[in-house]
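Below: the structure, in structure tokens.
The values are calculated or read from the model by the stated rules, or taken from the named source; none is laboratory data. Since the structure is predicted, the reported quantities are computational estimates derived from the model, not experimental observations. Cβ coordinates were reconstructed from backbone atoms using ideal geometry, including for glycine residues, and neighbour counts include every protein chain displayed.
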Amino acid sequence: MLEFKNHSGIYTLEAEQVINVGLKDAWEFFSSPENLQRITPSHMGFKITSSVDKKVYAGQIITYKVSVLPGIQQNWVTEITQVKEQHFFIDEQRFGPYKMWHHEHWFKELPNGKTVMYDKISYKIPFGFLGVIAQSLFIKKQLTAIFEHRFKTLETLFNAK
């Protein structure tokens, strides 16, 4: 499931996926920042540039380089603002391509031993009406492609059993 909403100049993307792994293993995978590169499309040139030798924790700063457009690398700095072990964590952009970026990662174990992951991203695009045009022309498509890639990658990693 992937859904976009627009409210008060803020866009919200919501995604949900069930993976064939228990909550503990799902948390172990997603709370390791280095796994983000594994689930990001390679054409984005995503690379973590900071040290990430620990699982996510509140106050953690993570820096990246990412191609927002072909051939254009941008620095992106996020902070993990909240963590509740095996329930959720939140990252927020401090510097980067968006005017605002707030990403909630939620996890819930299902009775069948699988885990449902729910993402809610609230973001605001800079440049006023030009940002609105950019959202409709390529930002929404790029975010959709990122989450479709992630869905397929996670299907291969966890659901191909």
- Number of positions in the range 32-57 that are surrounded by 14 or more Cβ atoms within 10 Å (Cβ to Cβ) and in contact (Cβ under 8 Å) with a residue 40 or more places away in the chain: 4
- Task: For the range 6-31, name all the residues that are closer than 20 Å to W101 by Cα and either buried (at least 18 other Cβ atoms within 10 Å of the Cβ) or modelled with pLDDT under 95 (or both).
- Result: N6, H7, S8, G9, Y11, L13, A15, F30, S31
- Task: Filter the range 104-161 down to residues that are among the hydroxyl-bearing types (S, T, Y) and part of a strand (DSSP E or B), then give me how many there are.
- Result: 4
- Within the range 121-130, can you find the residues that are surrounded by fewer than 17 Cβ atoms within 10 Å (Cβ to Cβ) and either closer than 21 Å to F147 by Cα or aliphatic (A, V, I, L, M) (or both)? K124, L130
